[in-house]
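Here's the structure, in structure tokens; my notes come after.
The values are calculated or read from the model by the stated rules, or taken from the named source; none is laboratory data. What you see is a predicted model, and the numbers here were worked out from it, not measured in a lab. Counting neighbours? That spans all protein chains shown, and the Cβs are built from the backbone with ideal geometry, glycine included.
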């Protein structure tokens, strides 16, 4: 749980840094590109952000794997309300993947920014929102725990 808080908080801080640099006007020697500040941020801080986010994600991976394993076990055991449990587990796993995707992109400083596909990819990555991930994680975590509680109540009655 603590790793998730650090991860989403660091993601939020990284995106604040990107936003701050994105408002930086380009140098006279650069073309008038709206992404010039973003490119500067990635070149100066991207690798550090990537390293830190991957470190937090690595710490969270065993919990993610355990939850996915329990979801599979729930299907095998035919647990009541399994669909709710599966959706919660799947969505918890997706939040991990979204942060992983952001971290993968933020650390790559050598890209062809003139390529429309690279720009589109960047726009997609920037839709990852730490607050939304945090809220979704809390909701899905609660649903997962309720499913586990229902399963234990059914088994041990």
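Just checking, how many residues over the range 85-120 are surrounded by 14 or more Cβ atoms within 10 Å (Cβ to Cβ) and out of contact with any helix residue (DSSP H, G or I) (no Cβ under 9 Å at 6 or more places or on another chain)?
The qualifying residues number 2.
Please work out if residue 123 is in contact with a helix residue (DSSP H, G or I) (Cβ under 8 Å, 6 or more places away or on another chain) and at negative phi.
When the stated conditions are applied, residue 123 does not pass them.
For residue 44, indicate whether it is closer than 26 Å to residue 16 by Cβ and assigned to a helix (DSSP H, G or I). Spell out the reasoning first.
Working: closer than 26 Å to residue 16 by Cβ: yes; assigned to a helix (DSSP H, G or I): yes.
It is true that residue 44 is closer than 26 Å to residue 16 by Cβ and assigned to a helix (DSSP H, G or I).
Does the range 53-61 contain any residue that is under 14 Å from residue 18 (Cβ atoms) and modelled with pLDDT of 90 or more?
Initial filter on the range 53-61 (under 14 Å from residue 18 (Cβ atoms)): 53.
Remaining after also requiring modelled with pLDDT of 90 or more: 53.
Yes, the conditions are met somewhere in the range 53-61.
Considering every residue within the range 51-71, establish whether at least one is surrounded by 13 or more Cβ atoms within 10 Å (Cβ to Cβ) and on the phi > 0 side of the Ramachandran plot.
No, the range 51-71 contains no residue that is surrounded by 13 or more Cβ atoms within 10 Å (Cβ to Cβ) and on the phi > 0 side of the Ramachandran plot.
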